[in-house]
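Chemist: If you scroll down you'll find the structure; I have some questions about it.
The values are calculated or read from the model by the stated rules, or taken from the named source; none is laboratory data. Quick caveat: nothing in here was measured; it's all calculated off a predicted structure. Cβ placement follows ideal geometry from the backbone for every residue including glycine, while neighbour counts extend to all protein chains displayed. Heavy atoms of the whole protein, side chains included, go into the accessibility calculation; ligands, DNA and RNA do not. Shrake-Rupley method; radii C 1.70, N 1.55, O 1.52, S 1.80 Å.
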Amino acid sequence: MKKRILCVTEGAVMIALAFVLELLCVWLNAATGVSALLPFGGTITVSMLPIAYYSFRRGIGWGVGVGLIYSFLQMMLGFYVPPANTWWAVALCVLLDYVIAFSVVGMANLFVKPFGKHRLVGYGVGAVAVCLIRFVCSFLSGVILWGSYAPEGMNVWLYSLVYNASYMIPNAILTGILAVVVCAALDPVTLKRMQKKAE
């Protein structure tokens, strides 16, 4: 029971931290002019890092649960109805843009196990991998649901690729780098500084 309470508490803290990081990154994007450099919009953010870290610490089950809760909170704070405005389009939007996109981040620990003793590399790969899977969800959503926003004469596949890759690929790279830095300083398994060769 104590462990379960600790897991829930840690999960709540990570969700709160994810929101704080997202708001901070939105502010920094606007203050530094990064937002203006993105061709169609989007935000460079590392808000997925706390959820990935929680997955490294508590495993896939708890990680997916935290990602799922985060997806519901994201919908509550700002849900955008797709242009089609039909029940199937809304349902698909909920799945691709929120539920699957954020829940999959909680699976980051799945990519750590193949690296065995080289956990630190696994943490970096895991963080990047789940961010890229989230990118695929957004890319498919852009093609299926948001294609009408593409500039006239522009292929919807290309539009979705450019729009989503312009900010989500940098997000994945930054999240992967920071995952290595943070996990080296505070190993999710031991909560101690990671040694050169993880046990």
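Chemist: Condition first: of a type outside the set (V, I, T), open to solvent by less than 90 Å² (accessible area, probe 1.4 Å) and part of a loop (DSSP other than H, G, I, E, B). Now tell me which residues in region 154-199 satisfy that.
Modeler: Passing the criteria: M154, N155, L186, D187, P188, L191, M194, A198.
Chemist: Would you confirm whether or not region 142-151 contains a residue that is modelled with pLDDT of 95 or more and under 23 Å from G59 (Cβ atoms)?
Modeler: No, every residue in region 142-151 fails to be modelled with pLDDT of 95 or more and under 23 Å from G59 (Cβ atoms).
Chemist: Have a look at G42, G65, G78 and point out the one that is under 15 Å from the mean Cα position of the chain (by Cα) and under 25 Å from W146 (Cβ atoms).
Modeler: G42
Chemist: Give region 129-149 a look and list any residue that's free of Cβ contacts under 8 Å to residues at least 60 places away in the same chain and open to solvent by 50 Å² or more (accessible area, probe 1.4 Å), or say none.
Modeler: Once the filter is applied, which keeps residues that are free of Cβ contacts under 8 Å to residues at least 60 places away in the same chain and open to solvent by 50 Å² or more (accessible area, probe 1.4 Å), region 129-149 yields L132, I133, V136, L140, I144.
Chemist: Pairs please, first residue from region 157-184 and farther than 18 Å from G142 by Cα, second anywhere and surrounded by fewer than 20 Cβ atoms within 10 Å (Cβ to Cβ) and of a type in the set (K, R), Cβ atoms under 9 Å, 6+ apart in sequence or on different chains.
Modeler: Hits for this filter: A184/R193.
Chemist: Right, another one. Checking the structure you have, find out if any residue of region 130-150 is out of contact with any Leu (no Cβ under 8 Å at 6 or more places or on another chain), of a type in the set (V, I, T) and in a loop (DSSP other than H, G, I, E, B).
Modeler: No, because not a single residue in region 130-150 is out of contact with any Leu (no Cβ under 8 Å at 6 or more places or on another chain), of a type in the set (V, I, T) and in a loop (DSSP other than H, G, I, E, B).
Chemist: Looking at G126, G122, can you tell me which residue is within 14 Å of the chain's Cα centre (by Cα) and closer than 22 Å to I60 by Cα?
Modeler: Just a single option satisfies the conditions, and that option is G126.
Chemist: Only one of G122, G126, G106 is surrounded by 15 or more Cβ atoms within 10 Å (Cβ to Cβ), of a type in the set (G, A, S) and either out of contact with any Ser or Thr (no Cβ under 9 Å at 6 or more places or on another chain) or part of a loop (DSSP other than H, G, I, E, B) (or both). Can you tell me which?
Modeler: Selected residue: G122, the only one of G122, G126, G106 that is surrounded by 15 or more Cβ atoms within 10 Å (Cβ to Cβ), of a type in the set (G, A, S) and either out of contact with any Ser or Thr (no Cβ under 9 Å at 6 or more places or on another chain) or part of a loop (DSSP other than H, G, I, E, B) (or both).
Chemist: Right, here's the next one. Of everything in region 1-33, what is among the small types (G, A, S) and over 14 Å from G65 (Cα atoms)? Give them in sequence order.
Modeler: A16, A18, A30, A31, G33
Chemist: Related question: Can you name every one of the helices (runs of 4 or more DSSP H) wholly within region 1-92 that holds 3 or more residues which are of a type outside the set (V, I, T), open to solvent by 40 Å² or more (accessible area, probe 1.4 Å) and farther than 16 Å from L174 by Cβ?
Modeler: Correct list: 2-32, 60-77.
Chemist: List every residue pair whose Cβ atoms sit under 7 Å apart, with the two residues 6 or more apart in sequence or on different chains, where the first one lies in region 24-38 and is without any contact (Cβ under 8 Å) to a residue 60 or more places away in the chain and under 16 Å from S166 (Cβ atoms) and the second, anywhere, is open to solvent by less than 70 Å² (accessible area, probe 1.4 Å) and among the aliphatic types (A, V, I, L, M).
Modeler: If the second residue must be open to solvent by less than 70 Å² (accessible area, probe 1.4 Å) and among the aliphatic types (A, V, I, L, M), the pairs left are C25/I44; C25/V46; N29/I44; V34/I44.
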